[in-house]
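Before any comments, here is the structure.
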Amino acid sequence: MTGTSTGVFSGLRNWLLLPSWLVIGVLVLSPVFIMLVYSFLTKEFRGGVIWDFTLAAYDQFFLDRGLFGDEPPKMEWTYINIFWRSIWQALLATLLCLLIGFPTAYFIATRPPSARTVWLFMVTVPYWVNLLIRTVSMKFLIRDNGPVNEWLLATGMISEPIHLINTPIAVQLGLFYSYLPFMVLPVYAAMERYSFSLSEAAADLYASKWFTLWHIVIPSVRPGIIAGCILVFIPSMGAFLAPDLLGGARNFMIGSLIEEQFKGTAGNWPFGAAASMILLSAVLLVLLYYTHYQSKTGIAKN
Amino acid sequence: MTGKSQDIRHYSGFLPISLICLVLLYGPLIIVMIYSFNDSPSITVWGGFSLRWYDEVFHGLEAPKFKKAAFNSFTIAIMAASTSTVIAVCTALAMLRCGNFRGKAVTFGLVSLPLMVPEIVTAVATLIFFSTIGFKAGYATILVAHIAFCIPFAYLPIAARLQGIESFYEEAAVDLYASRLQAFFQILMPLMLPGIISGFLLAFVISLDDFIITNFVKGAGVETLPTAIFGAVKQGIKPNIMAISTLLLMLSVIFVTLSYLAGKMGSRDKG
């Protein structure tokens with residue numbers, strides 16, 4: 001046990017590390033730095049860049065200088081609003097996922113082991129099913145003349161179809177539906193380690209069930225809840241498919257804004273790179289908070 | 001005894017919420033599956049059971065386009081998953097069998113980087129990277145991007161499996177004068193196999209399903225199944241799209257189930 005550095009393969013360590021360092025370093029890390037550089041370059045028409053350093057892309061994101069760029073700068077709200085919409089849509093999706101995901105995870109954790117495996121498998125499968133197909137299915141389902149409206153009309157619960165497509169509600173539904181498994185799995189992983197004798201002790205001391213849930217269970221599984229929230233929040237914030245397929249042009253989120261800069265001839269690569277950097281910074285802030293939180297509380301766990 | 005403790009654990013309302021969760025997750029998929037068997041050319045009216053849209057996927061007007069896309073998708077997925085699985089095995093050996101070393105945490109961070117960064121940011125960065133070095137967008141760019149993106153998905157099950165294998169197996173082999181290569185290929189790799197299979201299958205599904213990165217780096221003319229489906233959906237959801245979606249969906253389910261069974265096969269001979 002002591003000689004950890006004398007394993008059979010220790011001598012090969014650097015050779016074994018090389019492929020992943022090379023592939024991820026070259027194909028993920030260095031591109032992010034190049035993207036950072038691009039966000040300070042000048043745009044060329046028809047996509048691409050001119051190697052002149054400028055703050056124009058960030059300027060365009062935050063400031064409005066009029067059509068010809070000669071007016072005194074004002075705050076430009078268009079993109080800040082898109083960014084803000086992405087944040088609150090992602091927060092709302094996280095909250096909804098938590099409201100459905102936590103009880104589900106709790107319920108699964110209280111099943112007998114064999115049933116637990118089946119439930120867990122059922123929740124995991126959609127996680128791996130193509131996100132595009134899942135979003136298209138949602139679009140099919142909630143169209144004006146889709147099955148949900150048809151069914152509600154047929155049962156007489158509504159007299160006119162509910163218009164959902166191209167509304168913020170449809171985008172929200174799409175995000176929530178896309179990332180729900182991301183919440184259930186980490187919360188379940190934490191629930192699995194929770195010792196129910198704590199709940200029994202609380203009951204013996206005359207705590208009500210909901211008091212126990214709020215003051216004993218939830219604090220115990222908080223790391224799992226936070227991990228789940230981050231796993232839902234980050235992809236929701238950068239989502240492209242849900243706002244694009246379910247939201248249409250009026251419900252742009254930052255993912256759709258970025259995509260637009262790199263498609264077709266109207267693209268502005270430095271601006272797209274700047275918007276990506278702003279999104280990445282927001283995500284890194286969330287992750288920094290998470291590692292900070294983990295280093296504060298996580299050590300006792302292991 | 002169990003009756004009392006079950007009662008304390010039980011919250012009324014949690015069962016219905018769990019069922020709602022399952023209905024939400026599966027409802028839309030199942031409805032699309034049902035409608036893919038609809039005989040009527042209108043996607044709203046039910047006209048009886050039929051396989052005509054599946055026939056159209058394979059023999060219809062758009063069949064050559066989808067066949068080409070399917071060919072690209074499968075060949076890319078097989079190559080990307082194999083390469084990333086090999087890289088993941090190497091990384092897992094270094095991380096779990098070479099003691100503590102400087103840069104271990106950094107390596108773990110690096111390997112999980114594609115999971116942390118929003119996919120659209122990776123997509124933009126990769127596109128800009130390829131364009132800067134003058135790598136022409138097409139089949140090869142998709143493949144290279146997929147290899148990087150698949151590594152963490154292959155790594156996690158492989159590392160989990162390797163963690164459960166005591167190091168005395170390969171130590172015994174080396175004590176008995178096996179070379180390191182023999183110790184790996186004849187002793188350790190067979191023990192790791194369930195994790196390797198599971199990791200390969202997950203990487204395969206991830207590559208097969210990827211839309212966002214592929215859409216950015218594919219260039220004009222080269223399509224994979226998801227980008228072909230996306231292009232078709234932009235013109236409206238047609239029944240043949242539902243049929244092809246159902247096929248792709250069934251394939252993902254089969255692969256995930258196999259990956260799950262492979263992982264389970266591993267844990268059984270431990271306990």
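None of the figures in this text is laboratory data; all of them are computed from the coordinates on show. None of these values were measured; they are calculated from a predicted model. Positions of Cβ are generated from backbone atoms using ideal geometry, with glycine treated the same way; all protein chains shown enter the neighbour counts.
Overview of results
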read-out: Simple spin-label estimate for residue B:15 and residue A:55 in nanometres, 7 Å along Cα-Cβ; value: 6.2
read-out: Extension reserve of the residue A:80-residue A:166 stretch, reckoned as 0.36 nm per residue once the Cα distance is removed; value: 28.9 nm
read-out: Flagged links, alpha-carbon separation over 32 Å, of A:139/B:68; A:139/B:218; A:263/B:104; value: A:263/B:104
read-out: Shielding by partners, peptide A:35-44 (average Cβ within 10 angstrom, other chains); value: 2
read-out: Alpha carbon convex hull of the stretch B:115-158, projected area averaged over orientations, nm²; value: 3.4
read-out: Cα long-axis angle, helix B:104-116 against chain B (0 to 90 degrees, to the nearest 10); value: 10
read-out: Fully extended contour minus Cα-Cα distance, from residue A:116 to residue A:37, at 0.36 nm per residue; value: 23.5 nm
read-out: Partners for residue A:43 among aspartates and glutamates (Cα-Cα distance below 18 Å; same-chain residues under 8 apart left out); value: A:52, A:59, A:64, A:259, A:260
read-out: P(r) tail fraction, the stretch B:126-271 - alpha-carbon pairs more than 25 Å apart, %; value: 48
read-out: For q = 0.07, 0.09 Å⁻¹, Debye-computed log10 I/I(0) when each Cα of the protein assembly as shown counts as one equal scatterer; value: -0.47, -0.78
read-out: Neighbour-count ranking [beta-carbon atoms within 10 angstrom, fewest first] of A:295, B:198, B:40; value: A:295, B:40, B:198
read-out: Highest average packing first - B:30-37, B:119-126, Cβ atoms within 10 Å; value: B:119-126, B:30-37
read-out: Per-residue Cβ neighbour rank within 10 angstrom, fewest leading, B:162, A:153; value: A:153, B:162
read-out: Chain B: translational diffusion in µm²/s, Stokes-Einstein, Kirkwood Rh over Cα pairs, 25 °C, 0.890 mPa s; value: 113
read-out: Förster-model FRET efficiency, 45 Å R0, residue A:62 and residue B:172, C-beta, rounded to 0.05; value: 0.10
read-out: Kirkwood-based Rg to Rh ratio, the stretch A:18-134, C-alpha trace; value: 1.18
read-out: Whole-number percent relative contact order across chain A, with pairs defined as alpha carbons under 8 Å at least 6 apart; value: 25
read-out: Dimensionless Rg ratio for the stretch B:100-188, taking C-alpha atoms and the 2.2 N^0.38 Å reference; value: 1.52
read-out: Long-range HN-HN contacts of residue A:49 with modeled amide H, under 5 Å; value: A:44
read-out: Once the Cα gyration tensor of the stretch A:76-261 is diagonalised, semi-axes √(5λ) in Å; value: 34, 21, 16
read-out: A:204, A:244 arranged by Cβ crowding within 10 Å, fewest neighbours leading; value: A:204, A:244
read-out: Residue B:100 paired with residue B:163, simple spin-label distance in nm, labels 7 Å along Cα-to-beta-carbon; value: 1.7
read-out: Rg in Å to one decimal, and Dmax rounded to a whole Å, for the stretch A:198-292 via C-alpha atoms; value: 20.8, 69
read-out: Nearest 10 degrees, 0 to 90: helix B:189-209 Cα axis against chain B principal axis; value: 30
read-out: The stretch B:39-97: projected area of the alpha-carbon convex hull, averaged over directions, in nm²; value: 6.8
read-out: Degrees separating the helix B:139-163 axis from the principal Cα axis of chain B, which is the longest one; value: 50
